[in-house]
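Everything below concerns the one structure shown next.
Readers should treat all values here as calculations from the given coordinates under stated rules, not as data from a laboratory. Computed from a predicted model, the values in this text were never measured in an experiment. Note that we place each Cβ from the backbone using ideal geometry, even for glycine, and neighbour counts take in every protein chain shown.
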Amino acid sequence: MQRCLKNTIVGILSLALISIFACKKTHTTPAKVELTPLQTLINTDTTLSLYHLMILQANDEALMNDATATLFFPRNAVLEQAGYTDIIIDSMSSTLADRIVRYNYLPEAISTDSAGYTANPTLLGVPLYIAKAAGGQLLLNGSVTVSGQPTQVGQAAVYYLDSLVPAAADSLPEILQSDSTLTFFNEVLNRTNLYDSLLLTGSYTLLAPNNTAFMNAGYDSIGAIDSANINTLVNLAINQVITGAYFTNDFPATVKNLVGTTINVSTVNGYLQFTAAGNSAPVNWLSGNLIAGPTLVMHRTDGFIQSFAIAPGVGAPR
């Protein structure tokens, strides 16, 4: 009886000790999450809350690591002016948000070594063209001005945009296929295959005539382009291609197209006009400074550059 009681007491004590050790867990202090300087900036600067939201929408938080890079940050007012409110950003695709964020990220320091614009690589894979402007400022893609002095955030140099840099396209077809004002010119390039065979071989500026220009020249439908002489279409297209990349603020007084025609460039009422010997009327610039792939700048126009004279009322040769 005593032996049983002794065993019972020993068993109870053993269980008590096991319980004590089982309850006595080892508590470890969670590792402190260290934010990078860029992460700290976008998390705490209330004027960057919309861009922070866009970075999250793009799943690009990893790009805010501490690395040698150049970043262009649009503040809330800039995004709102461009139509990107918090509701719009919440509903935009991650692909579009990613394109905007990556085009504003240069994986190295800015280069402005050459006269005029220098193509700077971006994470999007399409260059951002940067030139020195008056007063030490920088000009991006011919339309966006930023201060020439960045803010150093960790290893990164951060510039704050005065306006949003227009989105770049991976290719010219990407722009043309989504622009309802350029469907006729898009069909010309589809038939001639000039984009793949020519426009990817060097640095060019494209003056893209809108649909009205084609209709005024006698092409009243896509079918008219499809039935036109292929050599005529090739000649029409290459007349609109200028050697070199030019933005609205750096066109020289004269340029040459791929046919060798001299094109005179002037400014009338604040807008560019292009004239050539074969033109009875100047070609007017409508809009542009669009990056259409790795080596192409595109502008929309209301007419054709001609290397030959056209009789009034006859339209383009077919």
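Residues that are of a type in the set (Gly, Ala, Ser) and closer than 25 Å to Ile130 by Cα within segment 268-297 comprise Gly270, Ser287, Gly288, Ala292, Gly293, listed in sequence order. Looking at segment 64-160, the helices (runs of 4 or more DSSP H) lying wholly inside it that each contain 3 or more residues that are more than 20 Å from Asn43 (Cβ to Cβ) sit at 86-91, 94-103.
Each row is one residue, and each column tells you yes or no for (1) under 20 Å from Gln39 (Cα atoms); (2) out of contact with any helix residue (DSSP H, G or I) (no Cβ under 9 Å at 6 or more places or on another chain).
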position: Leu63; (1), (2): yes, no
position: Asp66; (1), (2): yes, no
position: Thr70; (1), (2): yes, yes
position: Pro74; (1), (2): yes, no
position: Glu80; (1), (2): no, no
position: Tyr84; (1), (2): no, no
position: Met92; (1), (2): no, no
position: Tyr105; (1), (2): yes, no
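Here Gly202 clears all of (1) among the small types (Gly, Ala, Ser); (2) within 21 Å of Asp98 (Cα to Cα); (3) in a loop (DSSP other than H, G, I, E, B) except the condition numbered (2).
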